[in-house]
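Participant: Provided herewith is a single structure, encoded as structure tokens, for subsequent inquiry.
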Amino acid sequence: MPKYGMVIDLNKCTSCQACVTACKLENNVQIVPIEDAINGRAMFWMKMLTMEYDGDYPDIKPKALPRNCMQCDEPPCIKVCPVRATYKRDDGIVAQIYPQCIGCRYCMANCPYTVKVFNWHKTEQPQEIEKSYNPDVSVRPKGVVEKCTFCVHRLQIAQEKAKAEHRGLEPGDYVPACVEVCPVSAILFGDLDDPQSDVSKASRDYRAFGLLEELGTVPKVRYLNAIESEE
Amino acid sequence: MTYRDMNDEDETLFKPIYQTGKNFYILAAIFSTVFLIGIGLYIRQLVLGLGVTGMNEPVTWAFYIVDFVFFIGISHAGTLISAILRLSKAEWRRPITRMAEVITGIVLAIGGLHPIIDLGRPDRIMHLFERGRLQSPLLWDVTSITAYFTASTIYLYLPLIPDIALLRDRGGKLENLYKILAWGYKGTPEQKHALEKAINILMVMVIPIAVSVHTIIAWIFGMTLQPGWHSTIFGPYFVVGAIYSGIAALLIVMIVFRKAYHFEDYLKEIHFQYLGTLLLIMSLLWTYFTFAEYLTAFYGHEPAEMRVFFYKFNGGYAPFFWLMVFCNFILPVVILSNRRLKKLPGILMASIAVVIGMWLERLIIIIPTLANPRLPYPTGVYIPSLTEISLFAAAVSAFVLGFMGFSKLFPLISIWEIKEGRLQSVHEVSARLREYLPGRHDEKQVEATLKAEI
């Protein structure tokens, strides 16, 4: 059984937010009205975080960091869920069961990365958006919690396709939307358990770190630190 | 002696059941209106979703959870205090226990509903029972609150039976209801013995259940990784806070009903003095816990922890934090440790301050932690919406209405225990005195001296 993971190279990332947009469209994440967005209810599974600023004003260099669900190997969210609406699959993906969720938001309170988003209410989506819904992903009803699933529907499709072609799943068959769309290939994705895979090699790079690793959550999304070249 | 002859002595206690003044109806109308507005707004929330609240992304738990912790805290007034006073054979408990138990029953029902109000999908509430995960602290909470509610309702009902029998024997209003509820109680020695035994078992049982309830509520927060919540003393800290706010609520209720129903002869200054002392002790204990909690956080100086700490001390929540310190520590300690101020008005003021302060404490524990996530997020400001405020007002109204309704059906002071006190307390106290006084004492002599003293 593979263990899916992701490595995001901050040296390559240009903060273009293509991954943010691709994720939103791929997963039918609700577009909320502007008032709600101002009140902190904007819904993103992949989000750009401004981590810190380098340099003095006016020569500021903000450091941005694309943040999706860390797919922790020791997820704090599943420990507290009272109804098993979130659980860890055998392949390491932390999945959500929307029809099971009672909307208590305990998992949101316990996520140190604040990655989970809640469907505060159902709003009418722009007509153009409704036409471009991804039929592979269920549209969440109001009152449930949702988050990045590593585009698990893509894994299902890839598995079925491989089965129909009488072959095993090969690396590259299954990649999430953010990985696919990244114009500078800053995001690597694959099997962390396979020592030969790119993602596994990158995860052991000297620049590699996990976000809030010290909490013991064992994130399966890792980052390669941005290091200035000495010119 | 039959029940019919015994009635007249404590007629004041029966009076509220049979006589209702104009003010009662006016107050009932006002509180019903507030309550109905709350219900209306809740139905609106059911239809539109939790978007009608002011909650947002980092602050995902807010007013409803604050109120939940607050109300469950108040519920510790009752059963716990009543059980402890009964267990320690405090003679002065007799006119207090009933009101304390009623507070528990009503507030627990209200508080227990708050997590359901807070659910995004209340229609799926049965999932908790059908496929609940016992590993989740939320399920421990469901279990312990249900157990506490069951135990405290029975604990309220059992000592009520002899009083219901008194009401049944008087006949008239609602005779059939009392006939059913009295369960054929006639006050025979066997019945009395069985009743006392049942009360004794329950009062011992109810204490650990009550402690567990608030410990588990604290653990909902304590079991998370969040700064400001992940603390080992949260369990006892919450229990202390719960008992503290409970005593304050009990004092307010006692003072209000003493005035409204003319219970001056039953609830004397001394009762308030004793409970006031208990409130003072709890105030100091609460302050000690708060101090220990924040001092350790401050010395550890973890960055995430410090963000929450300074948010409370001099950030956005500083006004609430210092108001809480004033309400929970400065004001009650000044009033209750000063003999001249420790009179009814002073005690009432201290109690109201404590109730407000304890609500603020829950607010201060819950929101600053959520508003300061570990990663740098653009955090919006949480402002409660009208729905959340109205539902809090509705919950308070439901409490008042419940109490008013109860007072029209059953006596608010345990009549049979008062009577029993008159008949037996001198004998019991003298027997106890003889047991621990040094030297040998004659039973008759001690009792006679005691009687003479009274």
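Participant: Against the condition among the hydroxyl-bearing types (S, T, Y) and more than 10 Å from every other protein chain (Cβ to nearest Cβ), how does A:T21 come out, does it pass?
Facilitator: Against the criterion (among the hydroxyl-bearing types (S, T, Y) and more than 10 Å from every other protein chain (Cβ to nearest Cβ)), A:T21 qualifies.
Participant: Now a separate question. Restricting to region A:134-173, count the residues that are among the basic types (K, R) and loosely packed, with under 14 Cβ neighbours inside 10 Å. It would help to see each step written out before you state the result.
Facilitator: Going through region A:134-173, the residues among the basic types (K, R) turn out to be A:140, A:142, A:147, A:154, A:161, A:163, A:167.
Subsequent filtering for residues that are loosely packed, with under 14 Cβ neighbours inside 10 Å retains A:161, A:163, A:167.
Count: 3.
Participant: When region B:45-60 is examined, which residues are found to be facing chain A (nearest Cβ under 7 Å), of a type outside the set (S, T, Y) and either in a loop (DSSP other than H, G, I, E, B) or more than 21 Å from A:V115 (Cβ to Cβ) (or both)?
Facilitator: B:L48, B:G49, B:N56, B:E57, B:P58
Participant: What number of residues in region A:27-53 are of a type in the set (F, W, Y) and touching a residue at least 40 places away in the same chain (Cβ under 8 Å)?
Facilitator: 2
Participant: Right, another one. When region A:54-88 is examined, which residues are found to be part of a loop (DSSP other than H, G, I, E, B), free of Cβ contacts under 8 Å to residues at least 60 places away in the same chain and in contact with a helix residue (DSSP H, G or I) (Cβ under 9 Å, 6 or more places away or on another chain)? Talk me through it step by step, then tell me what you get.
Facilitator: We begin by selecting, within region A:54-88, every residue part of a loop (DSSP other than H, G, I, E, B); these are A:55-60, A:68-75, A:81-85.
Restricting the remaining residues to those that are free of Cβ contacts under 8 Å to residues at least 60 places away in the same chain gives A:55-60, A:81-84.
A:C81, A:P82, A:V83, A:R84 - these are the residues of region A:54-88 that are part of a loop (DSSP other than H, G, I, E, B), free of Cβ contacts under 8 Å to residues at least 60 places away in the same chain and in contact with a helix residue (DSSP H, G or I) (Cβ under 9 Å, 6 or more places away or on another chain).
Participant: Further, regarding this structure: Does A:A95 satisfy being within 26 Å of B:W140 (Cα to Cα) and surrounded by fewer than 24 Cβ atoms within 10 Å (Cβ to Cβ)?
Facilitator: So A:A95 passes the test.
Participant: Report every pair of residues separated by at least 6 positions or lying on different chains whose Cβ atoms are under 6 Å apart, first residue within region B:258-283 and among the hydrophobic types (A, V, I, L, M, F, W, C), second surrounded by fewer than 13 Cβ atoms within 10 Å (Cβ to Cβ).
Facilitator: Nothing qualifies.
Participant: For region B:216-231, state whether one or more residues are hydroxyl-bearing (S, T, Y) and either farther than 28 Å from B:K15 by Cβ or surrounded by fewer than 19 Cβ atoms within 10 Å (Cβ to Cβ) (or both).
Facilitator: Yes.
Participant: For region A:187-202, how many residues are charged (D, E, K, R), over 18 Å from the mean Cα position of the chain (by Cα) and not in a helix (DSSP H, G or I)?
Facilitator: Here the count works out to 2.
Participant: Another question, then. Restricting to region A:152-172, count the residues that are part of a loop (DSSP other than H, G, I, E, B) and under 17 Å from A:P2 (Cβ atoms).
Facilitator: So the count comes out to 6.
Participant: I've got another one for you. Consider A:V184 carefully, then state whether it is part of a loop (DSSP other than H, G, I, E, B), within 20 Å of A:M48 (Cβ to Cβ) and either within 14 Å of chain B (Cβ to nearest Cβ) or modelled with pLDDT of 90 or more (or both). Walk me through how you get there before you give the answer.
Facilitator: Working: part of a loop (DSSP other than H, G, I, E, B): yes; within 20 Å of A:M48 (Cβ to Cβ): yes; either within 14 Å of chain B (Cβ to nearest Cβ) or modelled with pLDDT of 90 or more (or both): yes.
Yes: the conditions hold for A:V184.
Participant: Restricting attention to region B:253-309, which residues are more than 15 Å from B:L336 (Cβ to Cβ), under 22 Å from the mean Cα position of the chain (by Cα) and among the charged types (D, E, K, R)?
Facilitator: Answer for region B:253-309, where residues must be more than 15 Å from B:L336 (Cβ to Cβ), under 22 Å from the mean Cα position of the chain (by Cα) and among the charged types (D, E, K, R): B:R258, B:K259, B:K268.
Participant: Output the residues belonging to region A:34-83 that are surrounded by fewer than 17 Cβ atoms within 10 Å (Cβ to Cβ), within 11 Å of chain B (Cβ to nearest Cβ) and of a type in the set (G, A, S).
Facilitator: A:A37
Participant: Which residue out of A:T123, A:T149 is polar (S, T, N, Q), over 22 Å from the mean Cα position of the chain (by Cα) and assigned to a loop (DSSP other than H, G, I, E, B)?
Facilitator: A:T123
Participant: Further question: In region B:54-110, which residues are of a type in the set (F, W, Y), at pLDDT below 90 and buried (at least 23 other Cβ atoms within 10 Å of the Cβ)?
Facilitator: Of everything in region B:54-110, nothing turns out to be of a type in the set (F, W, Y), at pLDDT below 90 and buried (at least 23 other Cβ atoms within 10 Å of the Cβ).
Participant: Between a first residue in region B:420-438 that is assigned by TED's automatic domain parsing to the domain that holds B:A448 and closer than 15 Å to B:S88 by Cβ and a second residue that is at pLDDT 80 or above and part of a helix (DSSP H, G or I), which pairs have beta carbons less than 7 Å apart while being 6 or more apart in sequence or on different chains?
Facilitator: B:S425/B:E91; B:V429/B:E91
Participant: Also, I was wondering about something else. Give the residue, chosen from B:T224, B:T150, that is within 14 Å of chain A (Cβ to nearest Cβ) and free of Cβ contacts under 8 Å to residues at least 40 places away in the same chain. I'd like the intermediate steps shown before the answer.
Facilitator: Numbers: B:T150 fails: within 14 Å of chain A (Cβ to nearest Cβ).
Within the list B:T224, B:T150, the selection yields B:T224.
Participant: Ok, one more. Return the pair list, or none, for Cβ contacts closer than 8 Å from residues in region B:373-390 that are free of Cβ contacts under 8 Å to residues at least 24 places away in the same chain and at the interface with chain A (Cβ under 7 Å from one of its Cβ atoms) to residues that are in a loop (DSSP other than H, G, I, E, B) and of a type in the set (A, V, I, L, M), at least 6 apart or on different chains.
Facilitator: That search, which allows pairs on different chains as well, returns B:L375/A:L211; B:L375/A:L212.
Participant: Let me ask something else about it. Quickly run through region A:103-128 and pick out the residues that are more than 26 Å from B:Q226 (Cα to Cα), more than 7 Å from chain B (Cβ to nearest Cβ) and surrounded by 14 or more Cβ atoms within 10 Å (Cβ to Cβ).
Facilitator: A:T123, A:Q125
Participant: Count, please, the residues in region B:220-235 that happen to be part of a helix (DSSP H, G or I) and either out of contact with any Phe, Trp or Tyr (no Cβ under 7 Å at 6 or more places or on another chain) or β-branched (V, I, T) (or both).
Facilitator: Number of matching residues: 1.
Participant: Now for a different question. Please enumerate the residues belonging to region B:105-127 that are part of a helix (DSSP H, G or I), touching a Cys at 6+ places or on another chain (Cβ under 9 Å) and either away from every other protein chain (no Cβ under 11 Å) or not acidic (D, E) (or both). Lay out the reasoning, then the answer.
Facilitator: Taking region B:105-127 first, the residues part of a helix (DSSP H, G or I) are B:105-118, B:122-124, B:127.
Next cut, touching a Cys at 6+ places or on another chain (Cβ under 9 Å) only: B:115, B:118, B:124, B:127.
Listed by number, the residues that qualify are B:P115, B:R124, B:H127.
Participant: Go through the residues of region A:133-144 one by one and say whether even a single one is out of contact with any strand residue (DSSP E or B) (no Cβ under 9 Å at 6 or more places or on another chain), touching a residue at least 40 places away in the same chain (Cβ under 8 Å) and either over 29 Å from A:M43 (Cβ atoms) or within 14 Å of another protein chain (Cβ to nearest Cβ) (or both).
Facilitator: yes
Participant: Something else about it: Look at region B:295-349 and say how many of its residues are in a helix (DSSP H, G or I) and closer than 28 Å to B:F272 by Cα.
Facilitator: Adding up the residues that qualify gives 21.
Participant: Would region A:1-19 turn up any residue that is outside any strand (DSSP E or B), of a type in the set (K, R), at pLDDT 90 or above and buried (at least 18 other Cβ atoms within 10 Å of the Cβ)?
Facilitator: no
The values are calculated or read from the model by the stated rules, or taken from the named source; none is laboratory data. Since we're looking at a predicted model, the values are computed, not measured. We place every Cβ from the backbone using ideal geometry, glycine too, and count neighbours over all the protein chains shown.
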